[in-house]
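Below is one structure, written out as structure tokens; comments come after it.
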Amino acid sequence: MSTANRWPSDGFYSNASVVFVDNHHSGGGVMKDCMSAIADNSSLPKPTLVWNNNVGKFYTNMKGGGSNQFLEKLYLGGFTFGVCDYTNEPCSYFTVIREPYERIIASYVYCKGKEDLPCQVRNAKGKPLSLKDWALRQGSFFFRQLLHNPEVCGLSYLSRIEELRDDNDPSAVSMPCWYKNKLILDHIMTKQEKAQVLDFILEHLETWFSVVGITDEYDTFLKILQHTYKMPFEKMCKETVEKVVFKRDSTDYLTQSELLYELKRELLSDQEVFDALYHDVRIYQKIQDIFVAQKEIFFSSAQNSGHNLIGHGPDKNR
């Protein structure tokens with residue numbers, strides 16, 4: 001962990017644009033509602049959403065505005081990693097992620113009953129995918145969120161995507177943006193290149209994100225966010241987290257936990273699934289380490305320090 005004199009001051013984060021990188025099915029829906037509530041409470045504009053349906057257009061507009069723009073206060077979505085590249089003003093990322101095997105199971109259970117674009121738990125013939133097939137399709141989701149190319153989601157890549165897709169894949173037109181990025185990255189990067197990029201990511205995660213969290217300790221994550229940004233994350237969102245993330249009022253929580261255990265055991269025994277999730281597992285382990293260090297700093301300094309000791313802020317040279 002870095003020494004205190006390398007950390008930004010309170011003013012950096014309280015004045016910064018705040019960018020939430022949503023690792024799908026890691027409690028991101030709660031954070032979206034939380035940030036919207038904070039915006040309303042603080043008379044701020046609603047958070048700018050960057051997601052599957054607008055990612056190409058959003059970054060096209062950002063490029064048109066140059067590299068030193070005045071940004072909005074709040075951004076959120078699955079394709080936000082890159083927003084801070086468009087300003088020289090204070091701007092920082094934060095994220096919360098779920099254990100990768102559990103995230104796969106949660107997204108599978110959710111998406112089986114949905115038809116929205118980010119899901120598509122069916123093959124091209126409409127047959128539902130198995131849990132293993134879904135795990136292989138999703139792969140290391142967060143790893144790719146840190147590498148996404150917005151242009152892949154635009155019209156110029158449709159013919160290329162159509163060439164690369166498997167017969168069981170959705171058509172290029174109906175394919176979600178995250179899966180288009182997966183097809184392209186799998187095509188252009190070798191296993192060795194991915195390993196090198198993973199090492200680079202693990203080395204720089206702590207400088208890219210002001211705060212990281214894990215779903216299992218979402219309540220502590222809120223405390224650190226509130227301390228870092230001087231915004232009421234814990235005050236306004238703790239109750240919702242207890243009900244939605246921890247399901248403390250849910251009568252079927254035990255049944256869900258037992259199902260999760262059985263499904264996770266099934267996936268853990270599969271080598272193909274391990275290979276597919278490997279990069280996210282390594283990133284999750286690193287984020288756990290960073291989170292532990294941030295907790296230690298927070299609990300040892302929050303009551304006494306006049307300085308914010310959480311997070312480095314984004315490194316523009318990523």
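So the values come out like this:
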{"item": "Meets criteria (part of a helix (DSSP H, G or I), closer than 30 Å to SER14 by Cα and touching a helix residue (DSSP H, G or I) at 6+ places or on another chain (Cβ under 7 Å)) for LYS182", "result": "no"}
{"item": "Failed item in (1) surrounded by 20 or more Cβ atoms within 10 Å (Cβ to Cβ); (2) in contact with a helix residue (DSSP H, G or I) (Cβ under 7 Å, 6 or more places away or on another chain), with TYR157 passing the rest", "result": "(1)"}
{"item": "All positions within region 58-84 that are free of Cβ contacts under 8 Å to residues at least 60 places away in the same chain and open to solvent by 20 Å² or more (accessible area, probe 1.4 Å)", "result": "ASN61, LYS63, GLY64, GLY65, GLY66, SER67, ASN68, GLN69, PHE70, GLU72, LYS73"}
{"item": "Qualifying position, being open to solvent by 10 Å² or more (accessible area, probe 1.4 Å), of a type in the set (Phe, Trp, Tyr) and modelled with pLDDT under 80, among TYR261, TYR284, TYR253", "result": "TYR253"}
{"item": "Breaking point among (1) touching a residue at least 60 places away in the same chain (Cβ under 8 Å); (2) touching a Leu at 6+ places or on another chain (Cβ under 6 Å); (3) farther than 24 Å from LEU198 by Cα, for PRO176", "result": "(3)"}
{"item": "Test: VAL211 is at pLDDT 90 or above, touching a Leu at 6+ places or on another chain (Cβ under 6 Å) and outside any helix (DSSP H, G or I)", "result": "yes"}
{"item": "Test result for LYS194, more than 16 Å from the chain's Cα centre (by Cα), basic (Lys, Arg) and either farther than 21 Å from ALA135 by Cα or surrounded by fewer than 13 Cβ atoms within 10 Å (Cβ to Cβ) (or both)", "result": "no"}
{"item": "Count - residues of region 90-112 that are under 24 Å from GLN294 (Cβ atoms) and in a loop (DSSP other than H, G, I, E, B)", "result": "3"}
{"item": "Members of region 69-113 that are out of contact with any Leu (no Cβ under 7 Å at 6 or more places or on another chain) and of a type in the set (Lys, Arg)", "result": "ARG98, ARG103, LYS112"}
{"item": "One residue from THR48, THR95 being within 25 Å of ASP33 (Cα to Cα) and either of a type outside the set (Val, Ile, Thr) or open to solvent by less than 30 Å² (accessible area, probe 1.4 Å) (or both)", "result": "THR95"}
{"item": "Residues (open to solvent by less than 60 Å² (accessible area, probe 1.4 Å) and either modelled with pLDDT of 90 or more or at positive phi (or both)) located in region 160-170", "result": "ILE161, LEU164"}
{"item": "Matching residues in region 14-37 - criterion: being in contact with a helix residue (DSSP H, G or I) (Cβ under 6 Å, 6 or more places away or on another chain) and in a helix (DSSP H, G or I)", "result": "VAL30, CYS34, ALA37"}
{"item": "Residue match in region 115-131 (condition: modelled with pLDDT under 95, assigned to a loop (DSSP other than H, G, I, E, B), surrounded by 20 or more Cβ atoms within 10 Å (Cβ to Cβ) and touching a Lys or Arg at 6+ places or on another chain (Cβ under 7 Å))", "result": "yes"}
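The values are calculated or read from the model by the stated rules, or taken from the named source; none is laboratory data. Bear in mind the structure is a predicted one, so any value in this text is a computation, not a measurement. Positions of Cβ are backbone-derived with ideal geometry, glycine not excepted, and every protein chain shown enters the neighbour counts. Heads up: the accessible areas ignore ligands, DNA and RNA and are worked out on the full protein's heavy atoms, side chains in. Shrake-Rupley method; radii C 1.70, N 1.55, O 1.52, S 1.80 Å.
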